[in-house]
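Just below is one structure, and these are the notes that go with it.
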Amino acid sequence: MREEFKVLEVGGFLPAIEAMRFPTQSKSDSGYDENQQFVIGPKDMKLAQGLLSKTENIEGQEIFQGDVHGKFSRSIVAWIKCTGTRAFWAEADTYVVGMAPTSSTSTMYTLRKEYKNGTWRNNFHDDTPQRSIDAFDETMKELYNEHGEINDIPIAKIKYALPEGFFQTRTRMYSYQTLRRIYLQRHNHRLAEWHSFCDAIESLPYYSELISFKK
């Protein structure tokens, strides 16, 4: 089994771009085309990219201020369905600002159901060492014999024995500002799942203009 990251929906361009113009009370040149697709105008795009890459001289030092001045991008959001391993989620939970969790699969419900059906081995990443999966199987058999029923096994004992390659699916809502930070920090990361996540980011509208953009 492999990781999977899928963009479900994107929204917020209109209010974000309109609000971006409030400080200067200037007019936006963005709007909807004949196909009802929101199109960012060239003047709005120039302003947006300037805000995202803005720096300021503070006490003689050039300080990056893109997160502060590019706050309009917090209002552009994407819902992404993410199937990643426990190892991936341990790192993904670093990004809690500009992210809203919606729902996730239950590790224990999934594992108990699949263990009864004999399909639990399918829920591990392909790169999980076989000996780790076999060791977990031996632990589960011991716990099963000790407690009689899988539903009677203490959840903590199962979780502490579970290899990091076990998958969990979550849907999360990310702001474009957070996705920009993730992409710039993780697109060359050593964990392959981040590459798959960044592939999903690259499929977003205005990815190159608002997310991977560098001045």
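Observations on the model:
- Flag if M140 is in contact (Cβ under 8 Å) with a residue 12 or more places away in the chain and not assigned by TED's automatic domain parsing to the domain that holds T94: yes
- Residues of the range 190-206 classified as closer than 19 Å to Q168 by Cα, more than 11 Å from the chain's Cα centre (by Cα) and either among the hydroxyl-bearing types (S, T, Y) or not in a helix (DSSP H, G or I) (or both), total: 1
- Which listed residue is buried (at least 16 other Cβ atoms within 10 Å of the Cβ) and of a type in the set (D, E), from D67, D33: D67
- W89 meets the conditions (1) more than 30 Å from K159 (Cα to Cα); (2) touching a residue at least 60 places away in the same chain (Cβ under 8 Å) in every case but one. The failed one is (1).
- Every pair of residues 6+ apart whose Cβ atoms lie under 6 Å, when the first sits in the range 1-17 and is charged (D, E, K, R) while the second is at pLDDT 95 or above and surrounded by 15 or more Cβ atoms within 10 Å (Cβ to Cβ): E3/T83; E3/G84; E3/E193; E3/S196; E4/T83; K6/K81; E9/W79
- Selected residue [under 26 Å from F5 (Cβ atoms), small (G, A, S) and either without any contact (Cβ under 8 Å) to a residue 40 or more places away in the chain or not assigned by TED's automatic domain parsing to the domain that holds A200 (or both)] from G118, G66, G70, G60: G66
- Scanning the range 167-189 for residues that are in a helix (DSSP H, G or I), in contact with a helix residue (DSSP H, G or I) (Cβ under 6 Å, 6 or more places away or on another chain) and in contact (Cβ under 8 Å) with a residue 60 or more places away in the chain gives Y176, Q177, L179.
- When N188, N151, N117 are checked against the criterion of being of a type outside the set (S, T, Y) and under 25 Å from T94 (Cβ atoms), N188 stands alone in meeting it.
- Restricting the range 113-140 to residues that are small (G, A, S) and in a helix (DSSP H, G or I), the residue that is surrounded by the most Cβ atoms within 10 Å (Cβ to Cβ): S132
- In the range 1-112, counting only helices (runs of 4 or more DSSP H) that sit wholly within it, the ones holding 2 or more residues that are under 20 Å from L184 (Cα atoms) span 42-52, 66-69, 86-92.
The values are calculated or read from the model by the stated rules, or taken from the named source; none is laboratory data. No experiment lies behind these values; they were computed from the predicted model shown. Methodologically, a virtual Cβ is constructed for each residue, glycine included, from the backbone with ideal geometry; neighbour enumeration extends over all protein chains shown.
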